[in-house]
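A short worksheet on the structure shown next.
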Amino acid sequence: MTLSSTDISVLTSIQQNDGISRKALAEKTGLSQASITKITHKLVSEAYIREGERIGNGLGRKEVLLYPNPHKFKFLGIDIGGYRVRMALADYRYELTHYEQFPVDELEQQEDVLQELMARIAAFLEAAGAPAVDAIGVSVTGIIDMEKRRILNIPNLNRWNDVNIVEGLSKRFEAPVYLEESGRTMAFAEKLLGKAKEAADFIVVHIAYGVVAGIFINGQPLRGVNNVGGLLGHITVDEKGIRCRCGNYGCLENIVTFPMLEGRYRNMSGTANPGPLPEAYRINDKTALDVCLEAGKSIGIALSNVINLFNPEIIYLGGPVMEQFPIIFEEVRRTVLLRANRFATVGLKLEASSFGDRQGILGALTLAGASYLESRMEP
Ligand SMILES: [Zn+2]
């Protein structure tokens, strides 16, 4: 049975407000009580949603809360980062039932990365006792083609040029496969399940072994004509900087990622083996703090430019670099307030993103879920 666009918006609202009454749903969606009654009846009878407990509304009447039915679908998420590949199975409430991760180098060492990835996925599904899934979402920290079928390039890796991943995975695993750049999928996760539910203009930035960003404008993800929109990690912040693996010089990613911070700390400390940066940071080592302040300033400058261009309401910052070195977050805030246009920063919020280390894999899973639902929409 197909779904109308109104059915999908009601379903999305139930997903976003896990446990919501019909009355609250009518208020959220702007639909009449009668329409909500009709649509939720259809969604319950087709097992998309289930009824939960009754709550009192203060007037003696009880209202039933509605939830997505976890058993309706099983999704597989694959998140291909510059350092790790993560795989997870989730139910329709996006609870992770199985999870695995491994260094992306283990694929890079193979002649055919796609074949090796598929072998890993097959083993993962077998171990999870899940022979079939309803949809697969693949997020990748790289450039994908406009039809969202092939990975064109991952700047930090060597063997991912022109990889026909959608065709490969859909044939092998007999499920629809959806591909998207990972900054955008992290923003999808923030919008569907995280703090950005009500936000129309927001940016998600994730900094780990690379820098990715997803930009939402007017409630829509920014793609640009070649699908490259939001490539924050490869904008120039130091024109005299070193050459990046993307070919450009002085990219943000050459300054603020985990390995770059460690390298900078080693160079600046003047000793051969100064130990890990996080430890030095914890004891307030001056060099460690300086390295972090430098990074915070670079991120702040890059974001100030983005803020002036797009005037977002909220920027969500996440990833291990942000989490391990809170001083970077504060320096980003300070730099943004200094450099971005003062009218653009009125009411601007900088917040931690919702899912930390899981932002990427939840992005791949919500891509699978939302795209699959859309594919069931009546023409
Ligand atoms: Zn670059």
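Each reported figure results from applying straightforward, stated rules to the coordinates on display, with no laboratory input. Owing to the predicted nature of the structure, the values given are computational and were not obtained by experimental measurement. Virtual Cβ from ideal backbone geometry, glycine too; neighbours counted across all protein chains shown.
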*Between the range 244-294 and the range 36-54, what's the alpha-carbon centroid distance in Å?*
53 Å
_Please list, ordered by chain and number, the residues whose modelled amide H lies under 5 Å from the amide H of Ala135; skip anything fewer than 5 residues away on the same chain._
Lys74, Leu76
*Which of the lysines could a cross-linker bridge to Lys171, judged by Cα under 22 Å and excluding same-chain residues fewer than eight apart?*
Lys74, Lys148
*Can you give the calculated 222 nm mean residue ellipticity of the chain, where each DSSP H run of n ≥ 4 adds -39,500 (n - 2.57) and the sum is split over every residue, rounded to the nearest 500 deg cm²/dmol?*
-12500 deg cm²/dmol
*Charges only on Cβ, +1 for Lys and Arg, -1 for Asp and Glu: so what's the dipole of the range 5-68 about the Cα centre, in debye to the nearest 20?*
220 debye
*Which percentage, to the nearest 5, of the DSSP beta bridges contained in the chain is antiparallel?*
60 percent
*What span do the alpha-carbon atoms of the chain cover on each of the three principal axes, reported in whole Å from largest to smallest?*
69, 51, 41
_Peptides ranked, highest mean first, by Cβ atoms within 10 Å: ranges 211-218, 371-378_ = 211-218, 371-378
_Karplus-derived 3J(HN,Hα), 6.51/-1.76/1.60, for each residue of the range 118-129, Hz, glycine and proline x_ = 5, 5, 5, 5, 4, 5, 4, 5, 5, 4, 7, x
*With charges set only on the Cβ (+1 for Lys and Arg, -1 for Asp and Glu), what does the dipole of the chain come to about its Cα centre, in debye to the nearest 20?*
1000 debye
*Would you list, by chain and number, the aspartates and glutamates whose Cα falls below 13 Å from the Cα of Lys197, excluding same-chain residues fewer than 8 positions away?*
Asp18, Glu313
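Out of the GluC sites (Glu not before Pro) in the range 186-278, which ones are loop residues according to DSSP with at most 15 other C-beta atoms within 10 Å?
Hits after loop and neighbour filter: Glu198, Glu239.
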*Cβ crowding within 10 Å averaged over residues, with 227-237, 290-300 ranked highest first*: 290-300, 227-237
